[in-house]
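For reference, the structure is listed below as structure tokens.
The values are calculated or read from the model by the stated rules, or taken from the named source; none is laboratory data. The structure presented is a predicted model; accordingly, all values stated were derived computationally and were not measured. Cβ placement follows ideal geometry from the backbone for every residue including glycine, while neighbour counts extend to all protein chains displayed. Note: areas computed on protein heavy atoms with side chains; ligands, DNA, RNA excluded. Shrake-Rupley method; radii C 1.70, N 1.55, O 1.52, S 1.80 Å.
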Amino acid sequence: APEWVVGSVHAVTEDGKGLTADWVQYSPGSIKRALAEYLPTLFLDSGSTLLFPAPSYQVMASPMNRRDAFLKTSPLVCANGKWKFHMDSLTAPAEEHNRAGLSGALVMYVNVPHNPTGMGYTHTDWQALFIWANEHNVTLIVDEAYIDLRYRDDIVSALQVPGWERCCIVLQSV
């Protein structure tokens, strides 16, 4: 992980010992706690914008967890049997956030492989998303809790695609 992420996690958890591989998904120290507590604390405030796909697991988007950030949802679209982010509907709020000069971060939650659609991303899909995120100054919080449940050989982790470290925080659970 980038040094600033490691340092931030240590600061939030006080000693950094809370983030270990033996966490169970729904225990107090799970990946869902990182989504619900640690990451919103680091990145979201009243000047932030959270771009969030729909449908999706709402833990980070709930009013309690998004820490007064503006919430902009975007529907996932299905074309030729393949689910994708509707980038046009995400670009407008990203540009609006940047144009308004808001003080907080511009963050997009990316749950891939996706629950509930099963959507996965190829190397090419990730590259396109990284280019878009860098062009719009968006930090991607990539939740790869289901990365080992791939139904196609061409589905890859964001970590396998060069450039992820410039715009992503990637979470994987045990």
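Observations on the model:
- Flag for residue 155 being over 21 Å from residue 45 (Cβ atoms), in contact with a Gly (Cβ under 7 Å, 6 or more places away or on another chain) and either free of Cβ contacts under 8 Å to residues at least 24 places away in the same chain or of a type outside the set (D, E, K, R) (or both): yes
- Complete set of residues in the stretch 121-138 that are within 12 Å of residue 150 (Cα to Cα) and surrounded by 19 or more Cβ atoms within 10 Å (Cβ to Cβ): 121
- Flag for residue 57 being open to solvent by 60 Å² or more (accessible area, probe 1.4 Å), part of a loop (DSSP other than H, G, I, E, B) and at pLDDT 65 or above: yes
- Check on residue 73, under 24 Å from residue 40 (Cα atoms) and among the β-branched types (Val, Ile, Thr): yes
- The number of residues in the stretch 94-120 that are open to solvent by less than 70 Å² (accessible area, probe 1.4 Å), assigned to a loop (DSSP other than H, G, I, E, B) and of a type outside the set (Gly, Ala, Ser) comes to 7.
- The sole residue among 155, 147, 131 that is in contact with a Ser or Thr (Cβ under 6 Å, 6 or more places away or on another chain) and not polar (S, T, N, Q) is 147.
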